[in-house]
1. Assuming R0 = 25 Å, what is the FRET efficiency of Asp180 and Arg140, from their Cβ-Cβ distance, to the nearest 0.05?
2. At 7 Å along Cα-to-Cβ for each site, give me the label-to-label distance between Asp48 and Met158 in nm.
3. Evaluate the distance, in nm, between pseudo-label points positioned 7 Å from the Cα of Asp246 and of Glu108 along their respective Cα→Cβ axes.
4. Taking amide hydrogens as modeled 1.01 Å from N in the peptide plane, which residues meet the under 5 Å criterion relative to Ile142, leaving out close sequence neighbours?
5. Where in the chain are the helices, taken as whole DSSP H runs, whose Cα atoms extend 15 angstrom or more along the long axis and whose Kyte-Doolittle mean reaches at least 0.0?
6. Put a dot 7 Å past each Cα toward the Cβ at Ser150 and Glu239; how far apart are the dots in nm?
7. Highest first, please rank the peptides 255-265, 185-195, 105-115 by the mean number of other Cβ atoms sitting within 10 Å of their residues.
8. Given only helices, namely DSSP H runs of n ≥ 4 each adding -39500 (n - 2.57), what is the per-residue ellipticity at 222 nm of the chain, to the nearest 500 deg cm²/dmol?
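Every number in this text was worked out from the coordinates using simple rules, so none of it is lab data. Being a predicted model, the structure only gives us computed values, none of them experimental. Note that each Cβ is placed from the backbone with ideal geometry, even for glycine, and that neighbours are counted across all protein chains shown.
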Amino acid sequence: MSTPGITGKKIWLDGQMVDWDKAQVHVLTHTLHYGLGVFEGIRCYRTDDGRSAVFRLKEHVSRLFESAHINLMEIPFSEAEITEAILACLRENELPEGYIRPLAFIGEGAMGLHPGDNPVRVAIVVWPWGAYLGEEGLERGIRAKISTFSRHHVNAKMTKGKTCGDYVNSILAKREALLDGYDEAIMLDTEGQVSEATGENVFVVRGNVIKTPPLPTVLDGITRASVIEIARDRGMTVEETGVTRDELYVADEVFLTGTAAEVTPIRELDHRTIGTGSRGPVAKALQEAFFDVVAGRDAKYESWLTIV
Ligand code: PPE
């Protein structure tokens with residue numbers, strides 16, 4: 001059996017490199033029923049000197065362990081072992097550039113909401129993944145809508161964790177957006193303020209100020225933190241503060257950040273043109289700076305890269 005769309009040679013499963021097609025689980029896998037599992041999304045880039053580097057590997061691995069801790073899951077490997085396994089997976093699959101998906105999930109054993117002594121299992125999969133919202137999206141910007149679905153309250157969705165089941169909310173919003181002819185959805189929190197997109201953080205530019213919603217209601221995105229640091233290092237003003245829906249409508253620029261989406265501008269929201277209706281100068285500058293960093297062209301942020 002092969003997986004349509006994605007394929008490769010080996011998958012790391014519970015400490016072993018197994019053949020791609022052999023990385024199977026039983027239908028009684030607890031996470032499959034109730035969604036309690038945690039994951040990461042990480043990118044590896046080809047650097048200008050012909051090597052490959054993983055972007056902010058340490059931060060991603062530590063967020064995986066924090067997600068597990070929040071969910072009372074004990075990963076039976078150390079952070080060092082998972083880090084090494086990620087690098088080994090890239091080497092085994094001879095993947096110079098692509099996406100890395102570590103997943104910790106609860107295996108079979110007890111059924112019912114309490115997972116009992118079911119084992120916590122870990123898989124690491126790597127595959128080639130191009131521009132998440134399309135090459136054209138990176139260059140021209142995408143079309144988005146405000147979702148009719150609210151982001152969970154912070155006391156329902158622990159935003160410091162990347163928990164599998166939380167993504168049902170994102171999938172509802174994403175599918176609605178695509179069915180309605182848009183590329184992506186931006187979600188409001190239960191207070192009505194802008195939260196985040198289905199798998200990206202949101203930034204808004206007006207005049208000389210860049211704003212992004214504060215952490216309590218959004219995932220502490222590693223791309224978000226990186227872009228904030230890069231922008232401030234370039235003398236730009238970045239505020240982590242509440243943003244309303246209409247602030248997006250009248251912004252000069254709106255853009256999204258995420259491991260998969262990288263830095264993607266939004267050119268139209270709910271049929272309102274944003275700014276000039278194309279990628280704006282701030283998004284362009286930050287996008288270029290980000291791609292310089294991941295390709296190893298900016299020595300200042302060398303510590304963010306782990307050579308494979
Ligand atoms: N918010 C959410 C809800 C989210 O899922 C992501 C990552 C982000 C913000 C950005 O976080 P960071 O990657 O650390 O900058 N979404 C991942 C899943 C995408 C998918 O389709 O799967 C990702 O980008 O890897």
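1. On the way: r = 20 Å, r/R0 = 0.78.
So the FRET efficiency works out to roughly 0.80.
2. Result: 4.2 nm between the two label points.
3. If labels sit at Asp246 and Glu108, their model points lie 5.7 nm apart.
4. Hits under the 5 Å cutoff: Ile266, Arg267, Glu268.
5. On the way: long enough: 57-70 (20 Å, -0.18); 79-92 (19 Å, 0.38); 167-179 (18 Å, 0.48); 222-233 (16 Å, 0.32); 281-294 (20 Å, 0.81).
Helices passing the filter in the chain: 79-92, 167-179, 222-233, 281-294.
6. Reported label-point gap for Glu239 and Ser150 is 2.5 nm.
7. Ranked by mean Cβ neighbours within 10 Å, highest first: 255-265, 185-195, 105-115.
8. Helix contribution divided over all residues of the chain: -8000 deg cm²/dmol.
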